[in-house]
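First, the structure itself, so that you have it in front of you.
The values are calculated or read from the model by the stated rules, or taken from the named source; none is laboratory data. Bear in mind the structure is a predicted one, so any value in this text is a computation, not a measurement. Using ideal geometry, Cβ is built from the backbone for each residue, glycine included, and neighbour counts are taken over all protein chains shown.
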């Protein structure tokens, strides 16, 4: 497994094709560092939408403009679904805001363990596989 590191995160694809991204302890995400990390992520995914497991358990800070960019230009445009692993109240509030106020077009859910997050993400892989099988059967 090849791990890619940016100023703010480490990422890799697992055996299921799910992109795992872990925020680096005590990093600060401003708009520039978020865009740099996003650029590397886009290169790694070749611009395709992916299932993402984002481990946000480490301590980090994020600016308001970086958070807005993440909501508008990353989560909704580059993901099939995003599972965030965290027990932090601030992260839970943000995910709730994205789902209920911003009406995220892409499923985003928070979990306390990677195991739960991975199980949820794999349900999207199953749905995608079933859709492909039905499409092939019709052809």
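Quick one: in region 1-36, of everything that is assigned to a strand (DSSP E or B) and surrounded by fewer than 14 Cβ atoms within 10 Å (Cβ to Cβ), which residue is nearest to the chain's Cα centre (by Cα)?
5
Now, a different point. Restricting to region 43-70, count the residues that are loosely packed, with under 14 Cβ neighbours inside 10 Å and part of a helix (DSSP H, G or I).
Total meeting the criteria: 4.
Now for a different question. Can we say residue 39 is part of a helix (DSSP H, G or I) and loosely packed, with under 14 Cβ neighbours inside 10 Å?
yes
Residue 116 is checked against (1) at pLDDT below 90; (2) part of a helix (DSSP H, G or I) and fails just one. What number does that condition carry?
(1)
Can you confirm whether residue 91 is within 19 Å of residue 17 (Cβ to Cβ), at pLDDT below 95 and not in a strand (DSSP E or B)?
It is false that residue 91 is within 19 Å of residue 17 (Cβ to Cβ), at pLDDT below 95 and not in a strand (DSSP E or B).
Please go through region 48-66 and give me each residue that is free of Cβ contacts under 8 Å to residues at least 40 places away in the same chain and more than 14 Å from the chain's Cα centre (by Cα), ordered by number.
58, 59, 61, 62, 63, 64, 65, 66 - these are the residues of region 48-66 that are free of Cβ contacts under 8 Å to residues at least 40 places away in the same chain and more than 14 Å from the chain's Cα centre (by Cα).
Are there any pairs, at least 6 apart or on different chains, whose C-beta atoms fall under 7 Å, with the first in region 81-104 and over 20 Å from residue 49 (Cα atoms) and the second surrounded by fewer than 13 Cβ atoms within 10 Å (Cβ to Cβ), and if so, which?
What qualifies is 87/112.
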